[in-house]
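One structure is given here, and the rest of the page talks about it.
FYI, it's all coordinate maths here, none of it is from the lab. Quick caveat: nothing in here was measured; it's all calculated off a predicted structure. Here Cβ is always computed from backbone atoms with ideal geometry, including for glycine, and neighbour counts include all displayed protein chains.
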Amino acid sequence: MKWSQTLIPTLKENPSEAEIESHKLMIRAGLIRRITAGAYAYLPLGTLVLNKVIDIVREEMNRGGAIEVFLPALQPLNLLEESGRLNVFGDDLITFEDRHGKTTALGPTHEEIITDIVRNEINSYRQLPITLYQIQTKFRDETRPRFGVLRSKEFIMKDAYSFDVDYEGLNRRYKAMYDAYCRIFDRCGLDYIVCEADSGAMGGDVSHEFMVPSHVGEDLLIRCMECGYSANRERAEAAPISSKNNATLQEIKEISTPHTHTIQEVSNFLKVKPDTLVKTMIYISDGQPVAVLLRGDHEVNETKLTKLLGQEAVALADHNTIEHVTGARVGFAGPVGLQIKIIADQAVSVLRNFVTGANKPDAHLLNVNPERDFKIDRIADIRYVTKGDRCPKCNHEIDISQGIEIGHVFKLGTKYSDALKAKFLDSNGREKSMIMGCYGIGVNRIIAALIERSHDENGIIWPLSLAPYKVIIIPVNVNDAAGMKMANQIYDEIVNVAGVEVLLDDRDQRPGVKFKDADLIGIPIKIVIGKKFTETKELEIKLRKSGETFLTPPGEVHMKIRELCERLSKP
RNA sequence: CGGGGCGUAGCGCAGUUUGGCUAGCGCGCCUGCCUUGGGAGCAGGAGGUCGGAGGUUCAAAUCCUCUCGCCCCGACCA
């Protein structure tokens, strides 16, 4: 492609709309333009990169045994009602009314659609297993689109769904997809971490997230640098806190604490650290209030709590219920004297002589101790891991960092096949629910995540596999006939080499402009026809990433390019 | 949805507090000259309903009311 023939609108200055590097660079390099909040247009360069990613995803999904389909973005509400997810998605769902008054949604994901197809078309174990996937635009009315294509209202996703006759089959399918994901991200040149994740609103039991470590990531990664344990925030566990606390039990004492509602206020008022306080939170589970005890510096993990209580969801009790149950305003609840079930976090169970609310207005209790002063009904891990916690596997100190989620694989089990009655007859003629898995990749996010990890002060640094063009030819002076002739000759040669896309910067611009632009758009290999060519008839080949430079006679250029491409495509 | 900020030329911004504007600056764009190894120089030029609507005033980018859009923090988020 010749630069003058395409549209690559580069910008010298940073756009005011962008906050993070990848977003700034995608705009400056002319990959994307914002059309409205959370929706971006891909310009020619961005489209080329997008297609590179899609090609890789498609190849590896096919290799992993998945079969491509293409589902509609328009979805009827009744299927979402049937699966019970209409409420789950709530306001995130983008809907509209058609001319007949029927409400239709723009698909946020496609479990229901694919399950509907499969339940209609597959009836026998003989037709299973099967994994179907598509690459489609998804729509979610994000409360706050952010960071360019990292969180947008409209985004491209590769989503795959597997259907098996049993869990052994699901495990094989899961492994095949997991492996395909590794190949995809490897080929994209991404550094990624696989971490255990909770399956969240998707349902199901086991799941893994593929994360790219980045300080702009919106997810927290809990990792052990010693043994490799990694999990997301919802899922991560900490090693139990040692119970070797031999402190003598002190006498319980009530103390006046006017207007101290929060842990911080109590902590300041009593001049004690938050980790010697215990907070008592009243939750509603199955319609009944339960008390949840946490150390003052810890936060409740509602995902763990929900699972522990065996509920679909739990919620904090409202103020009236709290006052009714505890006899005091919010902020003064404590376990002593409570008539409801008490669940204590493991970290609380090993504390001695701690401070709690007194279940009276403006009062707290000092030197509270379990067993002596109240009874714990259940001890469990119900909190988020925090700094200072230790690895549950090897007890090394845990590391907490941020990451961008680029892929997620779930074992769904029968959540959707039960809800939507996707059943088959097994070899004994018995009807069974299909065992499902689902597997997603954020295609746009791969691009943004890659740029976050691979850029310098001059611009993007593409890996060969995603580069919109592998080679850029820069004739330093387009008015120099000999140089231009050579540029065109080299262009013709390389353009015919399979798989080596080349861009010829034929603009009548000063060399500085062309060099800056070439660096900005991140083309891996640069061929410069300038001073050296005039002097010695040699061409200069320079690598974007390392800055390495080679001088090559024109006759050997295409061999050299081949060689460099081979070298650069190795990890 | 709560809190904060911003809408002035394609992009980045000044001017708004204290009304006087025929609205300015840098980049980009167009023409010519000159220049050609890291975002050159000179000269000339085009480009604006100051987000929109209404109001106050002799006079509004500037003050008031409403409205639309965008960004940031939070809440939210397979």
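Once the cut-off is 20 Å, how many percent of the Cα-Cα pairs in region A:124-189 end up in the long-distance tail?
49 percent
Once both axes come from the Cα atoms, what is the angle between helix A:557-568 and the longest principal axis of chain A, in degrees from 0 to 90, rounded to 10?
So the inclination is approximately 10 degrees.
Per residue, how big is the convex hull of region A:469-569 when only Cα atoms are used? Give it in Å³.
Spelled out: Cα convex hull of region A:469-569, divided by residues, is 87 Å³.
Sort A:SER124, A:SER214 so that the residue with the fewest other Cβ atoms within 10 Å of its own Cβ comes first and the one with the most comes last.
Placing the least packed residue first, the sequence is A:SER124, A:SER214.
For the pair A:LYS2 and A:ASN458, what calculated FRET efficiency results from E = 1/(1 + (r/R0)^6), where r is the Cβ-Cβ distance and R0 = 25 Å, to the nearest 0.05?
Approximately 0.65, to the nearest 0.05.
With the calculation restricted to Cα positions, what are the radius of gyration and Dmax of chain A in angstrom?
Cα only, chain A: 29.7, 96 Å (Rg, Dmax).
Once you list every other residue whose beta carbon is under 10 Å from the beta carbon of A:GLU218, what net charge do they have if Lys and Arg are +1 and Asp and Glu are -1?
Value of the local net charge: 0.
Spit out the partnerless Cys residues in chain A, using Cβ distances under 4.7 Å as the pairing rule.
A:CYS182, A:CYS188, A:CYS195, A:CYS438, A:CYS565
Could you give the alpha-carbon Rg of region A:340-405 over 2.2 N^0.38 Å, rounded to two decimals?
Rounded to two decimals, the normalised Rg is 1.47.
Give the angle, between 0 and 90 degrees and rounded to the nearest 10, that separates the Cα long axis of helix A:44-63 from the longest principal axis of the Cα atoms of chain A.
70 degrees
For helix A:481-495, what angle does its Cα long axis make with the longest principal axis of chain A, in degrees from 0 to 90 and rounded to 10?
Between helix and principal axis, roughly 60 degrees.
Only helical DSSP H runs with n ≥ 4 go in: add -39500 (n - 2.57) per run for chain A, normalise by residue count and round the 222 nm mean residue ellipticity to 500 deg cm²/dmol.
Mean residue ellipticity at 222 nm (helix-derived): -8000 deg cm²/dmol.
Just check region A:418-489 against the gyration tensor rule for me: Cα atoms, a ≥ b ≥ c as the square roots of the eigenvalues, rounded for a/c under 1.5, and otherwise prolate or oblate depending on whether a/b exceeds b/c.
Here region A:418-489 falls in the prolate category.
If you restrict to DSSP beta bridges whose two residues both lie in region A:415-549, what percentage is antiparallel, to the nearest 5?
Looking only at bridges with both residues in region A:415-549, the antiparallel portion is about 55 percent.
Determine the shape class of region A:454-502: with a ≥ b ≥ c the square roots of the Cα gyration tensor eigenvalues, call it rounded for a/c under 1.5, and otherwise prolate if a/b is greater than b/c, oblate otherwise.
Because a/c hits 1.5 or more and a/b fails to exceed b/c, region A:454-502 counts as oblate.
Work out Dmax and Rg for region A:205-364 from the C-alpha atoms and quote the Rg first, both in angstrom.
Values for region A:205-364 (Cα only, Rg and Dmax): 17.8, 52 Å.
Of all DSSP beta bridges in chain A, what percent run antiparallel (nearest 5)?
The antiparallel proportion sits near 80 percent.
Is region A:38-158 rounded, prolate or oblate when judged by the Cα gyration tensor, a ≥ b ≥ c being the square roots of its eigenvalues, rounded requiring a/c under 1.5 and prolate requiring a/b larger than b/c?
Oblate.
Using Cβ contacts closer than 10 Å as the measure, can you line up A:LYS526, A:LYS375 from fewest to most?
A:LYS375, A:LYS526
What is the diffusion coefficient of region A:121-278 in µm²/s, taking the Kirkwood radius over Cα pairs and the Stokes-Einstein relation at 20 °C with a viscosity of 1.002 mPa s?
102 µm²/s
In straight Cα distance, which lysines are under 18 Å from A:LYS532, not counting same-chain residues fewer than 8 positions off?
Leaving aside lysines fewer than 8 places away in the same chain, those within reach of A:LYS532 are A:LYS485, A:LYS514, A:LYS542, A:LYS560.
State, to one decimal in nm, how far the label point of A:ASN369 lies from the label point of A:GLU254, with both points 7 Å from Cα in the Cβ direction.
2.1 nm
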